[in-house]
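Notes follow the structure.
The values are calculated or read from the model by the stated rules, or taken from the named source; none is laboratory data. The shown structure was predicted, so the numbers you read here are calculated from the model rather than taken from an experiment. Cβ: placed from backbone, ideal geometry, glycine included. Neighbour counts: every protein chain shown. Protein only, heavy atoms only, side chains kept; ligands, DNA and RNA dropped before computing areas. Shrake-Rupley method; radii C 1.70, N 1.55, O 1.52, S 1.80 Å.
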Amino acid sequence: SYRVLRSGLHSPDVFRTLWETLSAGASWHGQLANRSKHGQLFYLQLHIFPFFDSEGEIGYAAIGSDITSLIRQRQSAVQAQLRSAKLLDQIIEDGPVPTFVLDLSHTITHWNRACEYITGFSAKEMVGTQKQWQPFYPQPRLVLADLIIEGLPLDESNGLYIKGRRYSSLIEGAYEAEGFFRPLGPAGRWLFLTAAPLFDTDGYLLGAI
């Protein structure tokens, strides 16, 4: 009975919707986690539908497929992605090279301690904003990482950004440049810059670093 076989992982609303759907004479499709009599979790892809007997009494039939192995694979993949994301966060945060990351909306997601040191702007001030230009320029403008996200080739950005821009010979799809930035420190700083695209495992652009 699917009234009693519950895993404790679903909210009461899930089962309320299920029975309301069936009571209305419609079929219900979905995935449910249940527990065996030994307490082990298993997952089912279910199709439950009502039927009526010769007396007009309603009954229910269920066709289910065990998808436990598929769910386990997905869970393992998600956990691996989370571990990779945490590792990336640690590498960026603890790295000695000033580094920041932008997502596809040009919003800063990472601003490491080395970047805080060289710019004088804290991660608390910068993460979640689109002010990546602020430590380097007196007014808003696109930085090299913004060009990566916009997909703008360097020859279409002439006159807009620092001189000496070029395509990286080491990183595919990356841009490099040198420039003097007056706002950085009392006497300004010369910086060598690299901006590179970030991709997910399927090759879709996630942002730029």
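Each label was represented as a point 7 Å from its Cα along the Cα-to-Cβ direction; for Arg83 and Val127 these points are 2.3 nm apart. For the chain, the longest principal axis of the C-alpha atoms and the axis of helix 12-23 are separated by about 50°. The charge dipole of region 1-101, taken about its Cα centre with unit charges on the Cβ of Lys, Arg, Asp and Glu (plus for the first two, minus for the last two), comes to roughly 360 debye. Checking [x] -0.31, -0.39, -0.67, -0.89; [y] -0.52, -0.59, -0.74, -0.86; [z] -0.28, -0.36, -0.64, -0.87 against log10 I(q)/I(0) by the Debye sum over Cα atoms at q = 0.08, 0.09, 0.12, 0.14 Å⁻¹ calculated from these atoms, the matching label is [y]. A Stokes-Einstein calculation at 37 °C with viscosity 0.692 mPa s, built on the Kirkwood radius of region 54-127 over Cα pairs, returns a diffusion coefficient of 201 µm²/s. In plain terms, the chain from Asp13 to Gln90 could stretch by 23.8 nm, reckoned as 0.36 nm per residue minus the Cα-Cα distance.
Basic side chains Lys and Arg get +1 at the Cβ, acidic Asp and Glu get -1 at the Cβ, and with that the dipole of the chain about its Cα centre reaches some 620 debye. Per q in 0.13, 0.14, 0.19, 0.24 Å⁻¹, report the Debye log10 I(q)/I(0) for region 2-111, using one uniform scatterer on each alpha carbon and no solvent. Each listed q maps to, in turn, -0.70, -0.75, -1.00, -1.32. Extending 7 Å from Cα along the Cβ direction at Thr194 and again at Gln45 yields two label points whose distance is 4.4 nm.
For the set Glu93, Glu20, solvent exposure ranked by accessible area (probe 1.4 Å, protein chains only) runs largest to smallest as Glu20, Glu93.
For the chain, carbon and sulfur atoms together expose 56% of the accessible surface, with a 1.4 angstrom probe and every protein chain in place. With protein chains left intact and a 1.4 Å probe, residues in the chain average 64 Å² of accessible area per residue.
Between the helical axis of 68-94 and the longest alpha-carbon principal axis of the chain there is an angle of about 20 degrees. Across Gly164, Gly56, Gly179, mean-square fluctuation computed from a Gaussian network of the chain (C-alpha pairs under 10 Å connected) peaks at Gly56.
Calculate for the chain the 222 nm mean residue ellipticity that helices alone would give, adding -39,500 (n - 2.57) per DSSP H run of length 4 or more and normalising by residue count, nearest 500 deg cm²/dmol.
Calculated from helices alone, the mean residue ellipticity at 222 nm is -8500 deg cm²/dmol.
Anyone know which of Ile108, Ile171, Ile48 comes out most mobile in the 10 Å Cα GNM of the chain? Result for the chain, Cα springs under 10 Å: Ile48 fluctuates most.
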